[in-house]
Amino acid sequence: MSTRTLLAAVLAAIVGVGLVAPRPAAAQAVPPAPAVLKDLAPTGKLRAAINYGNPVLAQRNPASGDLRGVSVDLARELARRLGVEATLVPFDAAGKVFEAAKGGAWDVAFLAVDPVRAADIAFTAPYVLIEATYMVPEASALKTIADVDREGVRIAVGRGSAYDLFLTRTIKKAELVRAPTSAGAVELFVREGLEAAAGVKQPLVDYARTDPSVRVIEGRFMAIEQAMGTPRGRDAGRAYLDAFVEEMKASGFIAEALTRHKQPDAVVAPAATRQQ
């Protein structure tokens, strides 16, 4: 046996026992079933809703409008496997993605799992975990996450965001003040002199670096589970997405995309232990 043949055999054995993950581009060569294509690409294209209002998942070039990020990479890889073109449908807020589902504007979306959304959207297990926390004025007496839920505290939130839905269920004493988008919530917090702004940790930290008059509270009030979803009733498509997300996590595709798009604080979600 030649050295090259022996090396190939060793590598094949290592992949077989799971020590080296196969690259996603080489996987799932079998064409998807017609029912999957009907569910995920009913127009002949994969219409993927991309929320660039969450910069951990997607970013939009303000000059060209081009989209990039882990959700964009996943949408394009999914379209490649389906053998169709990816049509990216951009949104500046997660709440707008959810509302657009009712009009049939997209076939797959990248959203945080939430019971309200799950009434209309069938979610996969999460593929990325991110944290939500508060930003407050530097001189604020609010020091911990628990401090924020008190009388007289006004919290700016992006309408329909995962943390808006969560805080609506859990906040007892503070008041939620809603802006159209998550970026707008920060603007509202600054403009109106509110006591706190809720949001995804990374963009809040980035903003605080540019403004010494504010600070981000340590810790989190929730872990946001970002998943893929498709409108309910598309069972074949949902099952395909379940398998797709698990493979993208296991293969390293998502981890590499997060690194490539400079999102080191986001964490790849663990393998699903059961179907969601």
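The values are calculated or read from the model by the stated rules, or taken from the named source; none is laboratory data. Every value quoted in this text rests on a predicted model; they were computed, and no experiment measured them. Because the Cβ atoms are built from the backbone with ideal geometry, glycine has one as well, and the counts that use them run over all protein chains shown.
Selection within the range 190-218: residues that are in a strand (DSSP E or B) and of a type in the set (A, V, I, L, M). The member of this set that is modelled with the lowest pLDDT is 200. Of the set (1) surrounded by fewer than 16 Cβ atoms within 10 Å (Cβ to Cβ); (2) under 19 Å from residue 51 (Cα atoms); (3) in contact with a Leu (Cβ under 7 Å, 6 or more places away or on another chain), all apply to residue 168 but (2).
The residues of the range 171-189 that are crowded, with 17+ Cβ neighbours inside 10 Å and in a helix (DSSP H, G or I), listed by number, are 182, 183, 184, 185, 186, 188, 189. Condition check for residue 251 on (1) surrounded by 18 or more Cβ atoms within 10 Å (Cβ to Cβ); (2) over 30 Å from residue 102 (Cβ atoms); (3) small (Gly, Ala, Ser): one failure, at (1). If the condition is being within 16 Å of residue 222 (Cα to Cα) and of a type outside the set (A, V, I, L, M), then the range 156-181 contributes 158, 160, 161, 163, 164, 166, 168, 169, 170, 172. Within the range 57-80, if we keep just the residues that are in contact (Cβ under 8 Å) with a residue 60 or more places away in the chain and surrounded by fewer than 22 Cβ atoms within 10 Å (Cβ to Cβ), the residue that is farthest from residue 265 (Cα to Cα) turns out to be 77.
Of all the listed residues (246, 175, 256), the sole one being under 16 Å from the mean Cα position of the chain (by Cα), under 24 Å from residue 114 (Cα atoms) and among the charged types (D, E, K, R) is 246.
Filtering the range 228-263 to residues that are in a loop (DSSP other than H, G, I, E, B) and either in contact with a His (Cβ under 7 Å, 6 or more places away or on another chain) or among the charged types (D, E, K, R) (or both) leaves 232, 234, 262. Look at the range 142-162: where a residue is among the basic types (Lys, Arg) and a partner is assigned to a strand (DSSP E or B), sitting 6+ places away or on another chain with Cβ atoms under 6 Å, you get 154/175; 154/177; 159/178.
Identify, from the list 177, 200, the residue that is free of Cβ contacts under 8 Å to residues at least 60 places away in the same chain, of a type in the set (Val, Ile, Thr), within 30 Å of residue 103 (Cβ to Cβ) and in contact with a strand residue (DSSP E or B) (Cβ under 9 Å, 6 or more places away or on another chain).
Being free of Cβ contacts under 8 Å to residues at least 60 places away in the same chain, of a type in the set (Val, Ile, Thr), within 30 Å of residue 103 (Cβ to Cβ) and in contact with a strand residue (DSSP E or B) (Cβ under 9 Å, 6 or more places away or on another chain) holds for just one of 177, 200, which is 177.
Quick check on residue 232: is it under 20 Å from residue 59 (Cβ atoms), among the basic types (Lys, Arg), exposed (fewer than 15 other Cβ atoms within 10 Å of the Cβ) and modelled with pLDDT of 95 or more? Here the answer is no, as residue 232 does not meet what is asked. Against the condition in contact with a helix residue (DSSP H, G or I) (Cβ under 7 Å, 6 or more places away or on another chain), in the same structural domain as residue 197 (by TED's automatic domain parsing) and at pLDDT 95 or above, how does residue 157 come out, does it pass? Yes.
In the range 81-130, which residues are part of a loop (DSSP other than H, G, I, E, B) and under 26 Å from residue 203 (Cβ atoms)? The answer is 92, 93, 105, 106, 113, 114, 124, 125, 126, 127.
In the range 225-254, the residues that are under 14 Å from residue 37 (Cβ atoms) reach residues that are surrounded by 18 or more Cβ atoms within 10 Å (Cβ to Cβ) and modelled with pLDDT under 95 with C-beta atoms within less than 8 angstrom, at least six apart or across chains, in these pairs: 240/32. Please indicate, with yes or no, whether at least one residue in the range 184-193 is aromatic (Phe, Trp, Tyr) and either assigned by TED's automatic domain parsing to the domain that holds residue 70 or under 17 Å from the mean Cα position of the chain (by Cα) (or both). Within the range 184-193, none of the residues are aromatic (Phe, Trp, Tyr) and either assigned by TED's automatic domain parsing to the domain that holds residue 70 or under 17 Å from the mean Cα position of the chain (by Cα) (or both).
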